[in-house]
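For reference, the structure discussed in these notes is given below.
The values are calculated or read from the model by the stated rules, or taken from the named source; none is laboratory data. Bear in mind that the values here come from a model prediction, so they are computed numbers and not experimental data. Every residue, glycine as well, gets a Cβ built from its backbone with ideal geometry; the counts of neighbours run over all protein chains shown. For accessibility, only protein heavy atoms count, side chains too; no ligands or nucleic acids. Shrake-Rupley method; radii C 1.70, N 1.55, O 1.52, S 1.80 Å.
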Amino acid sequence: MTTVSTDEPALTTDRTDWPHRHLVGIEPLSAGEIRVLLGKAQGYEGVSTSRALPKNADLHGKVVVNLFYEDSTRTRASFRLAASRLSADVLDMSASGSSVSKGETLVDTAKNIEAMGVDIIVCRHSQSGTAIQLAEATDCAIVNAGDGQHEHPTQALLDAFTIAKRLGRDDTFDFSGLTVAIVGDIGHSRVARSNLHCLTKLGARVVLVGPPTLVPGALAGVECAVSHDLDAVLPEVDVVNMLRVQFERLSGPAFPSQREYTTLYGLTAARMKQAKEGIVVMHPGPMNRGLEIESAVADGPSSVILDQVANGLAVRMATLALVGGA
Ligand code: NCD
């Protein structure tokens, strides 16, 4: 396991504890910095969830652009709402309907956006490394909303926030003693990669589970266990994070049939009988209901899937505030 120092100051939101101009991934963050961000998200919780509370003015006068080159429901809406709850001006842009469809490069598009006085660009792209490329090419603060198969840092942060709240770790955000299984299409998943970094930095043990064709032997150079047997792993874990099979990223069939995939790796009500009491069931969405997760489980009492979505707002507010200098 990665060694995590537990004597770092937790939950301080002092700006000197957040030295980063961008959020391109979880890998460059320390455990202490992750805890700073999660602590700041806690402070925004009331504003993010209660319509009765007035907007917060932390990003008043700042301009945020959502630049999405890939489809998105939750992430795009969540960043938009988060920016608007912080009183920023927000502009939504997508590849279709912009000059990208006329062949403009990502960097040219970003430089043109920057020329209009934009402070923060939130970018999603099918190519790994695009967030880092933008961070190098412009003076805007860059937030990675998912770059290819590389990282999806705010998803990992909202997942950690959700685990902490559900399992009573939200006073320290220390996950020592917890075991988390990430199940499914690990190889193509930026969510898996960011979660692996985030969870191990916070002290959890991670087991990657799935068919050999979808689970690389090693991931991101981080120490973790790998298993191809969900039934053996399920009774041992506190949290199970089910990933979507990303058919759009598969170059050929990765398993014999969808039925066989569900038989071996689907989280069904029958399989849940072997799970630890109090197990937390997660999924980043969008779900392939009936394939990697059965509806009875997705909508059942162990599921925190909609809590993940709700918590995403506070986490993205904290992200935008920190990179925006608030
Ligand atoms: C994920 C993504 O786009 O990486 N979804 C999300 O952001 N909530 C996972 C997926 O597409 O399967």
Residues being within 16 Å of the ligand (Cβ to nearest atom), touching a Phe, Trp or Tyr at 6+ places or on another chain (Cβ under 9 Å) and either more than 16 Å from Pro211 (Cβ to Cβ) or modelled with pLDDT of 95 or more (or both): count how many of those fall in segment 251-274.
2
With the checklist (1) away from the ligand (no atom under 16 Å from the Cβ); (2) among the hydroxyl-bearing types (Ser, Thr, Tyr); (3) open to solvent by less than 60 Å² (accessible area, probe 1.4 Å) in hand, flag the one item Thr105 doesn't pass.
(3)
Please enumerate the residues belonging to segment 66-91 that are open to solvent by 50 Å² or more (accessible area, probe 1.4 Å) and away from the ligand (no atom under 16 Å from the Cβ).
Asp89, Leu91
Please find, within segment 275-297, the residue that is nearest to the chain's Cα centre (by Cα) out of those that are more than 13 Å from the ligand (Cβ to nearest atom), over 21 Å from Ser257 (Cβ atoms) and part of a loop (DSSP other than H, G, I, E, B).
Ile279
The condition from (1) open to solvent by 20 Å² or more (accessible area, probe 1.4 Å); (2) within 16 Å of the ligand (Cβ to nearest atom); (3) assigned to a loop (DSSP other than H, G, I, E, B) that Glu248 misses is numbered (3)
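One line per residue, one yes/no per condition, for (1) charged (D, E, K, R); (2) assigned to a helix (DSSP H, G or I); (3) modelled with pLDDT of 95 or more; (4) outside the structural domain of Ala141 (by TED's automatic domain parsing):
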residue: Glu33; (1), (2), (3), (4): yes, yes, yes, no
residue: Gln42; (1), (2), (3), (4): no, yes, yes, no
residue: Asn66; (1), (2), (3), (4): no, no, yes, no
residue: Ser78; (1), (2), (3), (4): no, yes, yes, no
residue: Ala83; (1), (2), (3), (4): no, yes, yes, no
residue: Met93; (1), (2), (3), (4): no, no, no, no
residue: Gly97; (1), (2), (3), (4): no, no, no, no
Could you list, in sequence order, the residues of segment 145-193 that are open to solvent by less than 10 Å² (accessible area, probe 1.4 Å) and without any contact (Cβ under 8 Å) to a residue 40 or more places away in the chain?
Phe175
Please specify each residue of segment 165-193 satisfying the condition of being of a type in the set (A, V, I, L, M), outside any loop (DSSP other than H, G, I, E, B) and touching a helix residue (DSSP H, G or I) at 6+ places or on another chain (Cβ under 7 Å).
Val180, Ala181, Ile182, Val183, Val191
With the condition kept exactly as written, say whether any residue in segment 118-138 is modelled with pLDDT of 95 or more, more than 16 Å from the ligand (Cβ to nearest atom) and of a type in the set (Lys, Arg).
no
Among (1) assigned by TED's automatic domain parsing to the domain that holds Arg193; (2) at negative phi, the one test that Gly221 misses
(2)
